1. Of (1) outside any strand (DSSP E or B); (2) at pLDDT 95 or above; (3) under 23 Å from the mean Cα position of the chain (by Cα), ASN64 satisfies all except one. Which?
2. Against the conditions (1) under 26 Å from PHE140 (Cβ atoms); (2) without any contact (Cβ under 8 Å) to a residue 40 or more places away in the chain; (3) among the aliphatic types (A, V, I, L, M), where does LEU245 fall short? Just the number, please.
3. For LEU323, are the conditions met, namely being in a helix (DSSP H, G or I), more than 18 Å from the chain's Cα centre (by Cα) and farther than 22 Å from ARG378 by Cβ?
4. Confirm whether THR14 is open to solvent by 30 Å² or more (accessible area, probe 1.4 Å), over 30 Å from ALA148 (Cβ atoms), of a type in the set (Ser, Thr, Tyr) and out of contact with any Leu (no Cβ under 9 Å at 6 or more places or on another chain).
5. Before we move on, is ALA316 open to solvent by 40 Å² or more (accessible area, probe 1.4 Å) and either among the basic types (Lys, Arg) or more than 30 Å from ASP29 (Cα to Cα) (or both)?
6. With open to solvent by 60 Å² or more (accessible area, probe 1.4 Å), under 25 Å from GLU202 (Cα atoms) and modelled with pLDDT of 95 or more as the only criterion, which of ARG265, ARG244, ARG303 stands out?
7. How many residues does segment 103-121 contain that are at pLDDT below 95, open to solvent by 40 Å² or more (accessible area, probe 1.4 Å) and over 16 Å from LEU184 (Cα atoms)?
8. Can we say GLY286 is farther than 22 Å from SER168 by Cβ, at pLDDT below 95 and out of contact with any helix residue (DSSP H, G or I) (no Cβ under 6 Å at 6 or more places or on another chain)?
Amino acid sequence: MIMTSAYVNGHFLTLDSETPVASAVAIRDGRFTAVGDDAAVLAHAGPDAEVVDLGGATVIPGFNDSHCHIEFAGQAGLVVDLAGVGTVAEALAAIRDFAAGQPAGEWVTGSGWHPPSQLVEARYLTRAELDEAAPRNPVFLPTVGHVAMTNSAGLERAGIDENTPEPSGGTIERDSAGRATGVLYEHAIDLVTAVKPGWTTEELEQQFAAGLAQANSFGITSVLQPYLHSRGIRALQRLWLDGRLTARVGVLWAPDPSVSLGEWRRTVEATGVSSWFGDEWLKLAGIKLISDGGMTLRTALMRDAYPGDGHDHGMATMSAEHLADLVVAAHERDWRLGVHCVGDQAVDRVLDAFEAADRVRPIAGRRFALIHGSLGRREQFERARARCAAGAAAGVSASSTWWGSVHLSKTTRPPTTVRTTSKSLMRSASTPR
């Protein structure tokens, strides 16, 4: 039998303009059935209800994290924790200690971190340093999603040497002799991840469960997971089937964008579903594409060249034409699109793609998203509003914007840095009239 619970003597902030504050609520089977004062809620709940006295405590709605790679929060003990290191020596010591406990030949993987801004030396680690720290193991150190480091064993397994061509949409950093340094940018990272065993579905289940529990501890009750392949989605589905999801999860699916247009069409259609398939606990929120890199990495695709190199405009992960083709094909099959675009030239390309989709069928109300849009310009957000795209939909907060602008000042010109702090521009221009 499902019992009604009544929570009384509280201070509920409802965010409802008609009843902004209440002292009590009734809940049955996970649903609010009454909100009001103690007497009214108790009368509604009935004599058999479980009554919980909150002792005047304040209760607020759960928080939503609109851009959260939640599994990373559940990887403690499985990866080298580099979040707190401040020098190259500290980073290498952490890697050395972790590798010492791993079987020879097993991959050593790092947590997310940002060496150029995090380390006193403001640089990435080299293959030689990683060879010394983990002489028996291949090493893979991702950063914030656009740069990774590996050692000689990792490069060898990936087949990267002096003769390896640059992958489309990526860069293998090389020294003056043409030898790979171990630093890989954008799609060059895929050369390593293609040969490195990924997490199993069971391991991902554990990571998601632990990550969601940590999110819950901060009052987060719903998240948008902004980039998942099929194995991650399967892990979340298992948690959902077992009743172990402790937050509502929307997922942006990330099919391989490097395939031909024909293969892309077959992939997005073969699922038999599209955006918003699922229920209130787990649903497909759309497809995720990535058009450029990061603003603190000099890989965001910019209209203006970066200081010190009049020809360096950042990095595009695919051509503008291919991006538009992918967006239109997915839209034709009822998929909502969220596209990572940090630099202003990348925002141009994404808006072009959205407008191409709009010409096929209106995108108004479909909640297409410019993900980040960190270095976008006012006219671009006005353009987004005109097409009813959700401009700068994720990843922009007071702290991250300030942090980005501090480190961006080292790599871009002052007017660009100022744009990262203009959140009011994003809010006002990205809201449909």
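1. Going through (1) outside any strand (DSSP E or B); (2) at pLDDT 95 or above; (3) under 23 Å from the mean Cα position of the chain (by Cα) one by one, ASN64 breaks only (1).
2. Of everything listed in (1) under 26 Å from PHE140 (Cβ atoms); (2) without any contact (Cβ under 8 Å) to a residue 40 or more places away in the chain; (3) among the aliphatic types (A, V, I, L, M), LEU245 misses just condition (1).
3. On the way: in a helix (DSSP H, G or I): yes; more than 18 Å from the chain's Cα centre (by Cα): yes; farther than 22 Å from ARG378 by Cβ: yes.
Yes: the conditions hold for LEU323.
4. Details: open to solvent by 30 Å² or more (accessible area, probe 1.4 Å): yes; over 30 Å from ALA148 (Cβ atoms): yes; of a type in the set (Ser, Thr, Tyr): yes; out of contact with any Leu (no Cβ under 9 Å at 6 or more places or on another chain): yes.
Spelling it out, THR14 is indeed open to solvent by 30 Å² or more (accessible area, probe 1.4 Å), over 30 Å from ALA148 (Cβ atoms), of a type in the set (Ser, Thr, Tyr) and out of contact with any Leu (no Cβ under 9 Å at 6 or more places or on another chain).
5. Working: open to solvent by 40 Å² or more (accessible area, probe 1.4 Å): no; either among the basic types (Lys, Arg) or more than 30 Å from ASP29 (Cα to Cα) (or both): yes.
Answer is no for this residue.
6. Numbers: ARG265 fails: under 25 Å from GLU202 (Cα atoms); ARG303 fails: under 25 Å from GLU202 (Cα atoms).
Selected residue: ARG244, the only one of ARG265, ARG244, ARG303 that is open to solvent by 60 Å² or more (accessible area, probe 1.4 Å), under 25 Å from GLU202 (Cα atoms) and modelled with pLDDT of 95 or more.
7. Qualifying residue count for the region: 1.
8. Values: farther than 22 Å from SER168 by Cβ: yes; at pLDDT below 95: no; out of contact with any helix residue (DSSP H, G or I) (no Cβ under 6 Å at 6 or more places or on another chain): yes.
Here the answer is no, as GLY286 does not meet what is asked.
The values are calculated or read from the model by the stated rules, or taken from the named source; none is laboratory data. Computed from a predicted model, the values in this text were never measured in an experiment. Note that we place each Cβ from the backbone using ideal geometry, even for glycine, and neighbour counts take in every protein chain shown. Heavy atoms of the whole protein, side chains included, go into the accessibility calculation; ligands, DNA and RNA do not. Shrake-Rupley method; radii C 1.70, N 1.55, O 1.52, S 1.80 Å.
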